[in-house]
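Accompanying notes for the structure given below.
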């Protein structure tokens with residue numbers, strides 16, 4: 001019997017792979033009244049023979065590590081959705097986000113911080129952009145943070 005092989009959805013996820021670093025902008029929010037600027041480092045690696053992408057993330061502000069996260073991206077063929085299982089140094093986790101690709105951009109939504117979170121990962125143009133928006137009702141969204149990264 002031939003073992004199944006990763007297909008197009010997993011190859012799309014593999015586009016996230018790499019070590020990325022760049023500037024982040026944090027919007028004022030209940031979690032951070034002033035907002036500000038940070039440096040983010042994202043390490044995405046293809047794992048499990050191409051079936052998943054594992055992410056390790058670290059944010060630095062004022063010379064100190066201020067936030068860490070760990071995620072696993074996969075594809076759920078039964079729901080035809082990309083899935084991100086997320087753990088971080090503030091909420092612990094797990095948090096689950098699901099969504100789809102549109103061109104170069106992966107958009108995922110899920111429960112986050114007592115409300116809803118929407119993450120976008122844009123891998124077009126040779127770079128890597130991330131944005132996180134938050135909502136209490138899933139209809140009205142506010143920016144939480146964004147980052148523009150280059151391969152390190």
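The numbers here are math on the coordinates, done by the rules we state, and not lab data. Keep in mind the model is a prediction, meaning the values are calculated, not measured. Virtual Cβ from ideal backbone geometry, glycine too; neighbours counted across all protein chains shown.
In this structure, residue 32 and residue 2 have a Cβ-Cβ separation that, at R0 = 41 Å, corresponds to a calculated FRET efficiency of about 0.20.
The modelled label-to-label distance for the pair residue 61/residue 89, using points 7 Å beyond Cα in the direction of Cβ, is 1.2 nm.
Testing the spin-label approximation: label points 7 Å from Cα along Cα→Cβ at residue 152 and residue 100. State their distance in nm. Simple spin-label model gives 3.4 nm for this pair.
Classify the range 93-134 as rounded, prolate or oblate, taking a ≥ b ≥ c as the square roots of the eigenvalues of its Cα gyration tensor: rounded when a/c is under 1.5, otherwise prolate if a/b is larger than b/c and oblate if not. Prolate shape, in that a/c is at least 1.5 and a/b is the bigger ratio.
Adding -39500 (n - 2.57) for every DSSP H run of four residues or longer, then dividing by how many residues the chain holds, sets the calculated 222 nm ellipticity at -1000 deg cm²/dmol.
Shape class of the range 61-152 from the alpha-carbon gyration tensor: rounded, with the ratio a/c of largest to smallest axis under 1.5. Anisotropy class assigned to the range 25-72 is prolate, per the alpha carbon gyration tensor with a/c at or over the 1.5 cut-off and a/b larger than b/c.
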